[in-house]
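The values are calculated or read from the model by the stated rules, or taken from the named source; none is laboratory data. Keep in mind that what you see is a predicted model, and the values were worked out from it rather than measured. Note that we place each Cβ from the backbone using ideal geometry, even for glycine, and neighbour counts take in every protein chain shown.
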Amino acid sequence: MLKNKNIILGVCGSIAAYKSAILVRLLVKAGANVKVILTPDGANFITPLTLATLSKNPVYTQYFEEETGVWSNHVELGLWADLIIIAPTSANTLAKLATGICDNLLTAVYLSAKCPVYVAPAMDLDMWKHETTRGNISKIKSFGNTIIAPQSGELASGLYGEGRLAEPEEIVAFLESSIKKGLPFYGQKVMVTAGPTYEAIDPVRFIGNHSSGKMGFAIADELSRLGADVTLIAGPTAQKATEPLKRIDVVSAKDMFEACISVFQETDITIMSAAVADYKPKTVSTQKIKKNNSEFNLELEKTTDILASLGMVKTQNQILVGFALETNDEENYAKAKLVKKNLDLVILNSLNDKGAGFKSDTNKITIFNKALQKTAFDVKSKADVAKDICNEILKLIK
Ligand code: CTP
């Protein structure tokens, strides 16, 4: 969730500032780009050198660094950030955030920023309980900021009560879960199929196809990135998912059918991008077939159409998306598949289109919705095609 995110960590004057060193370390470890802004008081509790070394970035303490003559532009910093976390937030800074006072770089960046802001207060228990602090907390919440509540425990004053800064691990977990909850596919259970299927002829031979699985994996990765809980059912392929998801490997159309049926009932959205074999050998020889005759005929029988089977049992709330790979009269065949298989969207691949197809890294698609409205897209990388597909699905769940 935090990978490649630009994060500004504000550190205020509080003994809990020692925890910000660990927080920076954890954020950097999670793949975030971290820039630290220390308030003048914060710099009394932890050195800029510690935070600069851990964040691998210069630490900002004021608008103007006298020694270097560098001016820190608060607007630029505010716009750079994907999120701001102020941990620890002192009672003093909290009051400034509530009233709009911007007498230091951190509060000025806060006022300039458009990104989500997380505030993790730390103070003595009576300061935390004070009416003024309570009022400031409600005020900054009403501005859309998120509070990461302090915990109870022994405080620096020796008193015991609420006011301890949340632990760095908890702050990171809070940020990750909060980002996840804001993603468009959060809470959606999604099933994606990808790759070819292999239909055995004998122990060493099979009928397969050229599907690489690239398109299905790109869709599964994109959905996971957008917060979905993804189950990827993959035929034999060398592809690897880059995002966290549950992967079920299968070989034949029958295996894929069984895996899909076992997952489907629990899914909100299903995208069938696998190139499932339409026919399989009627019998599978248990021993290697010898080349005894000059001719050899294989008797084939139809596999179960997985997509059509799911279309028959799908409920009103489930979204079913299929592909149609066509070589002629493409649009009519695709629309016919949408109706016949009871789909919500059909994604047409025409093999006549340059840049579309099985093995390439690009694809060109046309999408039809239930009202048979058409949206055509240009040739794009499969990662970008996956984004277009996700956008079309989002229109159905919004
Ligand atoms: N599909 C499936 N099970 C099969 C065959 C296909 O679930 N046994 C799914 C594919 O994953 C794809 C869609 O059906 O989403 C369309 O596949 P395609 O091969 O284009 O069409 P078919 O329905 O097989 O029809 P035809 O081969 O006659 O064009």
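Observations on the model:
The rows are residues; the columns are (1) surrounded by fewer than 16 Cβ atoms within 10 Å (Cβ to Cβ); (2) aliphatic (A, V, I, L, M); (3) out of contact with any Pro (no Cβ under 9 Å at 6 or more places or on another chain).
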site: I179; (1), (2), (3): no, yes, no
site: G182; (1), (2), (3): yes, no, no
site: I207; (1), (2), (3): no, yes, no
site: I219; (1), (2), (3): no, yes, yes
site: R225; (1), (2), (3): no, no, yes
site: L232; (1), (2), (3): no, yes, yes
site: L245; (1), (2), (3): no, yes, yes
site: V251; (1), (2), (3): no, yes, no
site: C260; (1), (2), (3): no, no, yes
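- A single member of T107, T132 is farther than 23 Å from I37 by Cα, of a type in the set (S, T, N, Q) and modelled with pLDDT of 95 or more, and it is T132.
- Among the residues of segment 66-119, those identified as among the aliphatic types (A, V, I, L, M), part of a strand (DSSP E or B) and surrounded by fewer than 21 Cβ atoms within 10 Å (Cβ to Cβ) are V70, L83.
- Odd one out for R247 among (1) outside any strand (DSSP E or B); (2) at pLDDT 95 or above; (3) more than 14 Å from the ligand (Cβ to nearest atom): (1)
- Within segment 265-274, the residues that satisfy the criterion of being in a loop (DSSP other than H, G, I, E, B) and near the ligand (Cβ under 10 Å from one of its atoms) are S273, A274.
- Scan of segment 28-44 for residues that are surrounded by fewer than 20 Cβ atoms within 10 Å (Cβ to Cβ), at pLDDT 95 or above and of a type outside the set (D, E, K, R), ordered by number: V28, A30, G31, N33
- Condition met for T270 (within 24 Å of E199 (Cα to Cα) and buried (at least 18 other Cβ atoms within 10 Å of the Cβ)): yes
- Residues that are surrounded by fewer than 17 Cβ atoms within 10 Å (Cβ to Cβ) and among the aliphatic types (A, V, I, L, M) were ranked within segment 275-320; the one that is farthest from the ligand (Cβ to nearest atom) is I289.
- Single residue of segment 88-106 satisfying the filter (in contact with a His (Cβ under 9 Å, 6 or more places away or on another chain) and without any contact (Cβ under 8 Å) to a residue 60 or more places away in the chain) that is farthest from E131 (Cα to Cα): C102
- Residues that are in contact (Cβ under 8 Å) with a residue 12 or more places away in the chain and of a type in the set (K, R) within segment 118-150 comprise K129, K139, listed in sequence order.
- Selection status of S14, surrounded by 22 or more Cβ atoms within 10 Å (Cβ to Cβ), over 33 Å from the mean Cα position of the chain (by Cα), polar (S, T, N, Q) and closer than 20 Å to P150 by Cα: yes
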